[in-house]
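Rule-based calculations on the coordinates, nothing more; no lab input. All values derive from a computational prediction rather than experimental measurement. Reconstructed Cβ throughout: ideal geometry from the backbone, glycine too, with neighbour counts over all protein chains shown.
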Amino acid sequence: MIGLLGGTFDPIHYGHLRVALEMREALGLDEVRFLPCGEPPHRGRPGADAKTRAALTAIALAGEPGFVLDRRELTRDGPSYTYDTLRSLREEYGEQRPFCLIVGADAFAGLPSWHRAGDLLGLTHIAVARRPGETPVIAPPLAALLGDRLTENPADLSAAPAGRVIWVEVTQLAISATAIRERLRQGRSPRFLMPDAVLDAIRKQGLYGREPQRALTDPG
Ligand code: ATP
């Protein structure tokens, strides 16, 4: 079974890497494909361009068996929709290979508003990262999408190409790319929140630096 972790990865950090590793172990994934998005549909422009975010992701994944950078969303024109990505992966891997989309509990709560939400579970399983001890709240629109797809048994996922949803308890690391970008802008260190090699590349290339001093040129 192939795990799929989409995101902006702006930049990649230990929150992403840890959830991928724990999902790989819990579900027995053959690999986890990291899919940096091109133009994110749900938010504003990222702090770094798509090629740079992918390059930093490649640095983070180097040497970890079964972690793979997948560039298919980078070059797509317009918004990156998970539905389109899954269709493209199905074309490559066929209809029988089990896929498992990895999402955080927050992202999962918003699933009903995703593009072609009702078709996603025809293309993939979904594994939701859950905080230890957390009881998931499932609002009615999500419950309608879920039906009787929930399972607690990872073997149910391997047994079919798509269609099941499983909650997986993962170590919660309260790390966000937003907070890392903010630290970098402020000249504070994000070390130990992300791999050193990624931070080195960010510093070498002067990424996520301070914003231009608008006050100096702004006549208003
Ligand atoms: P930003 O702060 O810029 O919104 P982010 O740190 O949340 O970014 P994304 O690239 O949006 O990172 O996340 C990609 C995926 O990784 C999402 O499914 C998200 O839920 C998950 N994720 C992000 N941070 C963590 C974390 N600390 N622990 C577990 N999962 C995470």
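Please report the relative contact order for segment 2-169, taking Cα pairs under 8 Å with a sequence separation of at least 6, and give it as a percent rounded to a whole number.
Contact order relative to length: 23 percent.
Name the residue from L5, T151, L173 whose Cα lies farthest towards the positive end of the charge dipole of the chain, charges +1 on Cβ of Lys and Arg and -1 on Cβ of Asp and Glu.
Farthest along the dipole direction, towards plus: L173.
For n ≥ 4 DSSP H runs only, could you compute -39500 (n - 2.57) per run for the chain, divide by its residues and tell me the 222 nm figure to the nearest 500?
Helix-only estimate at 222 nm: -10000 deg cm²/dmol.
Quick check: pseudo-label points 7 Å beyond the Cα along Cα→Cβ at E182 and E152, how many nm apart are they?
Between E182 and E152, the label points sit 3.7 nm apart.
Dipole magnitude of the chain about its Cα centre, charges +1 at Lys/Arg Cβ and -1 at Asp/Glu Cβ only, in debye to the nearest 20?
So the magnitude is around 780 debye.
Using only Cα atoms, tell me the angle between helix 50-61 and the longest principal axis of the chain; keep it within 0 to 90° and round to the nearest 10.
70
Starting from the amide H of E169, placed 1.01 Å from N in the peptide plane, find each other amide H under 5 Å away whose residue is 5 or more places distant or on another chain.
R130
Which of the three applies to segment 2-169, rounded, prolate or oblate, going by the alpha-carbon gyration tensor with a ≥ b ≥ c and a/c under 1.5 meaning rounded?
Rounded.
If I take every Cα pair under 8 Å that is 6 or more residues apart in segment 114-189, average their sequence separation and divide by the length, what percent do I get for the relative contact order?
Reported as a whole number, the value is 41 percent.
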